[in-house]
Structure formats: C-alpha cells, structure tokens
Amino acid sequence: MSGPVPTVRPSAGDVARSVLFALVFYTGSIGAGILAPITALIGRRQILSFGSSWLRYHSWCARVILRIERRVEGTIPEGTFLFAAKHQSMYETMELADLLGDPGVLVKRQLAQIPLWGWAAQRWGVIPVDRDGSAVALREMLRASRAAMAEGRSILIFPEGTRVAPGETPPLRSGFAGLYRQLKTDVVPIALDSGLLCPRHKFVKRSGVVTIRIGEIIPAGLPRREAEAQVHAAINALERDPA
C-alpha cells in the first residue's frame, strides 16, 4: 500500500468558501430531504427527475461556491456497465452519479435506513450495501442491481469499500467480485483525485480541479483475481501518476 499524500494547507478563502458551501448546500439538502418522500409517492419518473436536480444542485454549489471544477479524461462508453470508482470524498458520490447519468449507486446500508429519506433514495435507485457481507444482504444487493440494469441503468460501486486518503490503495472488498460474477457485465474503472481538494473527515475544502479518469473497459467473464487486479490498477492510476 502506498503512503498517504500530504495535502496543501487551505487558505482563508478556502475556509470562507467551505462555510458558505455548508450553509447553502446542506440547507438546500434539508429541503430536498423533506420533499423527496413526497416526490417518490407521486411516481418513479418524478423521483428520478428530482434526484437528478439535486445532483446538479451539488455540482453547481461545488463549482460556483467551492470553485472546484471537474476534468474528465477519457470517454464514458455508451451502454450499461458496472462502473468501479476510487473513493476519496463525498464529492464523487454525487458528481459521478450526475456524470454517469443516474446509475444505481451502492451506498452503505445506514444511509438507506434514514426514515423516509432512505425509502425515497431507494426509489430513486440507491442500492444499500451491508459491509458485513451476509448472504441475505448480498442477495438483496444483487436483486436491486439487476432491477436497475433491467431499467437500462448502470451500476456504480466503490470497490475499496470506503473513503481513503490520497496515496492509499487498499485491496478490493469481496462485494465487487460478487457483483462482477453475478451481473456478467463489463466493468469501466474510474480513477480520481478528489481527496486532494476534499480530504475525508475534513470540513475545509480547497478550490482547484478534480481529475476523473475513465479507464479502458474490462470485459465480463474474467477469472476473479485477474478482474480484481485490472480494476485495482485502473482505479489507482492517479495514485501512481499524479501529474
């Protein structure tokens, strides 16, 4: 495992922008959290549109208030895929969902258990993941993933399991191998460096550019070790090549 990459000390402007971002984004998100269950009751199409609007709201807040731009390297392929991405901050949880066209996003089960909001989030397409990896939880995850793909939606997973600091390259969790084997679909790996600007567990975020690198398609049906090795190398490409 590589060592963590030290982050640059934030400026006074970064502090001020982070405070304003928290006020604007989270206040708006509270309102969205109240409206989401009502929207979900109206219909599936309405909650999908509502969710997309919230993702764009986050993108606007990040771009205009935090002055964080995203730079996409490579081409997002057309079709339905299992997208496997690096995870360094909350930023990519929403930015990738927006960039990839509302995929089914695998998130920790606790988020999906928030009263009312969790139900609405699952109606939108969030797929709960039990990190303990019980057989029942795995079956539920597979069922929800297959349902999303049947609707023509891709799946987004963070295969290292949790947010890590820049420079850290932990092994993939077993859940990725299970999805890859059962869904029988091609994988598109995604590397990114959001942790340099939005460090995990830190309130203050720095302005700058987040690079999102779309890797080459990894075909379905490979042996587990080969698939995991290719995905691990691809999502950590920016850890080895920070330029």
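Can you spot a residue in region 177-184 that is surrounded by fewer than 22 Cβ atoms within 10 Å (Cβ to Cβ) and under 20 Å from Glu78 (Cβ atoms)?
yes
Taking into account only those residues within region 212-224 that are surrounded by fewer than 19 Cβ atoms within 10 Å (Cβ to Cβ) and in contact with an Asp or Glu (Cβ under 7 Å, 6 or more places away or on another chain), which is nearest to Glu239 (Cα to Cα)?
If we take residues in region 212-224 being surrounded by fewer than 19 Cβ atoms within 10 Å (Cβ to Cβ) and in contact with an Asp or Glu (Cβ under 7 Å, 6 or more places away or on another chain), then Ile217 is nearest to Glu239 (Cα to Cα).
If I ask for residues that are assigned to a loop (DSSP other than H, G, I, E, B) and within 18 Å of Thr75 (Cβ to Cβ), which ones from region 189-243 would you list?
Within region 189-243, Gly215, Glu216, Ile217, Pro219 meet the criteria.
Tell me, which residue of region 28-49 that is of a type in the set (Gly, Ala, Ser) and assigned to a helix (DSSP H, G or I) is modelled with the highest pLDDT?
Gly28
Kindly establish whether Met90 is within 29 Å of Phe203 (Cβ to Cβ), of a type in the set (A, V, I, L, M, F, W, C) and either at pLDDT below 80 or within 18 Å of the chain's Cα centre (by Cα) (or both).
Yes.
Can you say whether Ala97 is in a helix (DSSP H, G or I) and at pLDDT 75 or above, as far as the supplied structure shows?
Taking the combined requirement at face value, the residue satisfies it.
Does Arg63 satisfy the condition of being surrounded by fewer than 17 Cβ atoms within 10 Å (Cβ to Cβ), without any contact (Cβ under 8 Å) to a residue 60 or more places away in the chain, in contact with an Asp or Glu (Cβ under 9 Å, 6 or more places away or on another chain) and over 25 Å from Ala147 (Cβ atoms)?
Spelling it out, Arg63 is indeed surrounded by fewer than 17 Cβ atoms within 10 Å (Cβ to Cβ), without any contact (Cβ under 8 Å) to a residue 60 or more places away in the chain, in contact with an Asp or Glu (Cβ under 9 Å, 6 or more places away or on another chain) and over 25 Å from Ala147 (Cβ atoms).
Select from region 199-211 the residues that are surrounded by 14 or more Cβ atoms within 10 Å (Cβ to Cβ) and touching an Asp or Glu at 6+ places or on another chain (Cβ under 9 Å) and list them in ascending order.
Correct list: Val204, Lys205, Arg206, Ser207, Gly208, Val210, Thr211.
Starting from region 90-106, keep only residues that are within 16 Å of Cys61 (Cβ to Cβ), then list their pairs with residues that are small (Gly, Ala, Ser) and surrounded by fewer than 22 Cβ atoms within 10 Å (Cβ to Cβ) whose Cβ atoms are within a distance under 8 Å, requiring at least 6 positions of separation or different chains.
Close Cβ pairs (under 8 Å, with a partner that is small (Gly, Ala, Ser) and surrounded by fewer than 22 Cβ atoms within 10 Å (Cβ to Cβ)) amount to Met94/Ser59; Glu95/Ser59; Asp98/Ser52; Asp98/Ser59.
Only one of Ile30, Ile42, Ile38, Ile68 is of a type outside the set (D, E, K, R), touching a Ser or Thr at 6+ places or on another chain (Cβ under 9 Å) and at negative phi. Can you tell me which?
Among Ile30, Ile42, Ile38, Ile68, only Ile68 is of a type outside the set (D, E, K, R), touching a Ser or Thr at 6+ places or on another chain (Cβ under 9 Å) and at negative phi.
Return the pair list, or none, for Cβ contacts closer than 8 Å from residues in region 1-26 that are more than 22 Å from Ala165 (Cα to Cα) and modelled with pLDDT under 95 to residues that are among the aromatic types (Phe, Trp, Tyr) and surrounded by 14 or more Cβ atoms within 10 Å (Cβ to Cβ), at least 6 apart or on different chains.
Pairs that qualify, where the first residue is more than 22 Å from Ala165 (Cα to Cα) and modelled with pLDDT under 95 and the partner is among the aromatic types (Phe, Trp, Tyr) and surrounded by 14 or more Cβ atoms within 10 Å (Cβ to Cβ), are Phe25/Tyr57.
Consider Ile157 carefully, then state whether it is farther than 30 Å from Val15 by Cα and touching a Phe, Trp or Tyr at 6+ places or on another chain (Cβ under 9 Å).
Spelling it out, Ile157 is indeed farther than 30 Å from Val15 by Cα and touching a Phe, Trp or Tyr at 6+ places or on another chain (Cβ under 9 Å).
Considering only residues that are closer than 18 Å to Gly167 by Cα and of a type in the set (Gly, Ala, Ser), which ones fall in region 197-230?
Ala229
The values are calculated or read from the model by the stated rules, or taken from the named source; none is laboratory data. Keep in mind the model is a prediction, meaning the values are calculated, not measured. Every residue, glycine as well, gets a Cβ built from its backbone with ideal geometry; the counts of neighbours run over all protein chains shown.
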